[in-house]
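The values are calculated or read from the model by the stated rules, or taken from the named source; none is laboratory data. These numbers come from a predicted model, not from an experiment. Positions of Cβ are generated from backbone atoms using ideal geometry, with glycine treated the same way; all protein chains shown enter the neighbour counts.
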Amino acid sequence: MMEMTTINLLREQHKDILGAITCLADLLEKVGPEGEGEEIRDQLLKIHERALAHFAVEDKLLYPQMAEHKETYLSETAKGFYDVALSLGKELERVCQAWKKGDSSRGDLKEVLEAFQLRIHVEDEFILKKAEESLKGG
């Protein structure tokens with residue numbers, strides 16, 4: 001069952017992941033096109049680990065309940081957003097595996113990080129707000 005503590009945990013995870021993404025973006029700028037691939041990979045793997053923990057909470061406590069919401073629009077939106085999240089998770093996994101093998105692409109990395117940032121923003125501003133309203137009886 002979803003509670004306010006779940007919503008607060010998801011928001012804290014968002015802040016943590018966004019902070020890690022910012023660190024990686026700064027690192028990418030600092031080291032330039034031929035810079036420290038190992039440092040970049042290590043920071044990317046930290047983001048991946050945090051994202052997996054976040055996805056586990058969403059999969060168990062957020063999206064199943066939001067998909068059953070009494071408002072059809074919200075239910076359908078949550079289902080669609082969850083499908084997009086699955087796709088983004090797979091893309092993050094693909095990019096991480098490429099960096100582990102040394103087959104890195106900074107373009108792919110930047111693209112997936114930007115998509116992840118957008119996803120977090122939309123989730124914070126819409127999905128989690130609606131979940132919170134539901135808990136308050138709104």
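May I ask you to list the residues in region 100-125 that are among the small types (G, A, S) and at negative phi?
S104, S105, G107, A115 - these are the residues of region 100-125 that are among the small types (G, A, S) and at negative phi.
In region 27-46, what count of residues is obtained for those that are assigned to a helix (DSSP H, G or I) and in contact (Cβ under 8 Å) with a residue 60 or more places away in the chain?
If we filter region 27-46 for residues that are assigned to a helix (DSSP H, G or I), which is where we start, we get 27-31, 37-46.
Subset that is in contact (Cβ under 8 Å) with a residue 60 or more places away in the chain: 28, 37, 40-41, 44.
So the answer is 5.
Which one of these is out of contact with any Pro (no Cβ under 9 Å at 6 or more places or on another chain), loosely packed, with under 12 Cβ neighbours inside 10 Å and at pLDDT 95 or above: E3, E12, E29?
Criteria check complete, one pass: E12.
Counting only residues that are surrounded by 15 or more Cβ atoms within 10 Å (Cβ to Cβ) and more than 20 Å from D16 (Cβ to Cβ), how many does region 47-68 have?
Residues that pass the stated criteria total 3.
Would it be correct to say that E71 is within 18 Å of the chain's Cα centre (by Cα) and either surrounded by fewer than 18 Cβ atoms within 10 Å (Cβ to Cβ) or of a type in the set (A, V, I, L, M, F, W, C) (or both)?
no
Select from region 96-131 the residues that are touching a residue at least 12 places away in the same chain (Cβ under 8 Å) and outside any helix (DSSP H, G or I) and list them in ascending order.
G102, S104
Does at least one position in region 66-80 carry a residue that is free of Cβ contacts under 8 Å to residues at least 12 places away in the same chain and among the basic types (K, R)?
Scanning region 66-80, I find at least one residue that is free of Cβ contacts under 8 Å to residues at least 12 places away in the same chain and among the basic types (K, R), so the answer is yes.
Can you tell me which of E38, E125 is closer than 23 Å to M4 by Cβ and exposed (fewer than 12 other Cβ atoms within 10 Å of the Cβ)?
Answer to the selection: E125.
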